[in-house]
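Below is one structure, written out as structure tokens; the observations come after it.
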Amino acid sequence: MTANNPQTMGQQFGRRSWAEPWKIKMVEPIHMISRDERKSALDEAGFNTFLLRSKDVYIDLLTDSGTSAMSDRQWAGIMMGDEAYAGSRNFYRLEEAIQTYYGYRHIVPTHQGRGAEHLISKALIKPGQTIPGNMYFTTTRLHQELAGGTFVDVIIDEAHDPASPHPFKGNVDLDKLQALIDKVGAQNIPYVSLAGTVNMAGGQPVSMANVRALRELCNKHGIRVYLDATRMVENSYFIQEREEGYADKPIAAILKEFCSYTDGAWMSAKKDNLVNIGGWLAVNHEDVFDLARNMVVVYEGLHTYGGMAGRDMEALAIGIEESVEDDHVRARVGQVLYLGELLTDWEIPIVQPVGGHAIFLDAKGFYPHIPQNQFPSQTLAAALYLDSGVRSMERGVVSAGRDPKTGDHRYPALELTRLTIPRRVYTQAHMDVVAESVKAVYDAREQTRGLKMVYEPQYLRFFQARFAELD
Ligand SMILES: *Cc1c(COP(=O)(O)O)cnc(C)c1O
């Protein structure tokens with residue numbers, strides 16, 4: 001058993017095994033269609049798992065976005081929607097929850113995370129400016145580029161190495177950031193775009209020491225720090241587990257301390273916050289708030305609903321409270337670690353250490369014979385679906401898109417296929433089935449051939465691109 005095992009990790013800290021802090025009250029039947037049916041579904045979807053129909057999927061690990069199971073309290077909250085156009089009571093409840101648990105002053109609700117990214121990018125970035133960050137995220141970088149900015153990756157080198165056991169692979173490399181400041185000038189950096197955890201690096205966390213040092217460096221140069229807080233609760237769990245001095249602090253306290261080193265945050269509430277739709281922007285500075293609150297009425301909706309129904313805001317406020325409970329986070333991340341542990345024991349190449357929301361299969365390790373321009377991660381996602389109806393997602397050259405200047409593919413160091421675990425949805429038995437299917441696909445790796453892209457959309461191509469088998 002390796003250091004990742006949540007059970008042995010628990011014993012090491014003198015604790016017993018975790019179990020889900022809930023019991024099941026309602027079920028949604030699922031079933032696996034036949035292999036022939038899966039084959040034709042895959043053809044119809046152009047080998048892109050985003051284009052499969054949900055009814056043809058058995059265990060859906062496409063994403064943890066908006067796929068959480070809500071609690072009975074949240075469903076009760078749905079019935080308490082105040083659907084007034086302006087000043088809904090649910091908005092004030094949401095505002096208070098964000099202020100209480102994240103600690104920011106001003107709140108702007110949005111329909112989901114990218115709505116908030118749009119607002120903050122447009123409010124702060126001037127054409128020609130540079131936005132440093134700890135690895136790109138697809139929608140985040142696109143909004144920064146659409147606002148005229150250029151994203152520059154300043155994450156530590158270990159993040160690009162799937163085998164590095166560094167406990168905080170999401171950390172910002174402060175030397176890289178300092179070098180960038182020296183090169184472009186602090187006045188050309190509107191803010192540092194910090195994400196906790198780092199999705200594209202495999203759900204890897206940022207340490208408290210790193211954000212504190214980042215804050216100091218940025219203070220010296222008068223640069224603001226904004227946080228992609230989408231999975232910051234999970235990041236807080238890793239700080240509690242791995243960083244000295246935090247083992248006895250509750251997740252909620254760690255979350256609030258971390259956020260206190262930043263000037264604001266954007267949030268896809270569809271992740272950590274346990275709702276099926278929603279997002280928010282939260283900022284401390286009055287001037288940024290004024291801009292964002294003004295723009296939200298153009299792009300999202302009035303500043304007291306921002307694209308959400310009153311009932312959505314109520315479920316979100318309750319979701320925030322539930323999301324920071326230690327038992328919840330421990331079981332959520334524990335389930336991801338459980339799957340990672342099975343695959344690690346079977347020596348299947350995955351990103352180590354296992355992150356908070358997903359297992360990232362190292363497609364280069366599966367298919368060293370498939371070059372990156374034949375899409376190894378896409379190939380792996382298709383093979384997994386064909387084997388067992390398990391749906392995963394490409395996170396490699398397709399997701400990285402093309403360089404806007406040269407028009408060539410961007411070839412990321414990491415070529416990954418993501419098995420993303422929805423919160424409070426699947427059981428340990430589902431994880432066993434998934435692990436066995438990954439093993440079967442791994443065992444057949446040498447017979448597997450790559451793909452060619454036959455349709456490529458202009459923006460965020462991974463969502464809608466189509467592929468075919470190589471002749
Ligand atoms: C999902 C996600 C977003 C975008 O949020 P949406 O709700 O999908 O629009 C931004 N950042 C990260 C890290 C995400 O995972």
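The values are calculated or read from the model by the stated rules, or taken from the named source; none is laboratory data. A quick note: this is a predicted structure, and the numbers were derived from the prediction, not measured. A quick note on method: Cβ atoms are made from the backbone with ideal geometry, for glycine too, and the neighbour counts reach across all protein chains shown. Calculation scope for accessible area: heavy atoms of the full protein, side chains included, ligands and nucleic acids excluded. Shrake-Rupley method; radii C 1.70, N 1.55, O 1.52, S 1.80 Å.
What to note about this one:
- Averaging the Cα positions of each part gives two centres, and for region 106-153 and region 351-368 these lie 27 Å apart.
- Carbon plus sulfur fraction of accessible area for the chain, probe 1.4 Å, in percent: 51
- Taking all pairs of distinct alpha-carbon atoms in the chain, Kirkwood radius in angstrom: 22.6
- In this simple spin-label model, placing a label point 7 Å from the Cα along the Cα-to-Cβ direction at both Glu469 and Asp287 gives a separation of 6.0 nm.
- Taking a ≥ b ≥ c as the square roots of the eigenvalues of the alpha carbon gyration tensor, region 364-448 is oblate, as a/c is not under 1.5 and a/b does not beat b/c.
- Per residue accessible area of region 72-323, 1.4 Å probe, in Å²: 36
- For region 72-323: rounded, prolate or oblate by the Cα gyration tensor [a/c cutoff 1.5]: oblate
- Highest to lowest packing among 326-332, 396-402, scored as the average C-beta count within 10 Å: 396-402, 326-332
- Where GluC sites (Glu not before Pro) in DSSP loops with at most 14 other Cβ within 10 Å are excluded, longest remaining stretch of the chain: 84-243
- Inter-part distance where region 378-453 and region 172-222 are each reduced to a Cα centre, Å: 30
- Using only side-chain charges placed at the Cβ, +1 for Lys and Arg and -1 for Asp and Glu, the dipole size of the chain relative to its Cα centre rounds to 500 debye.
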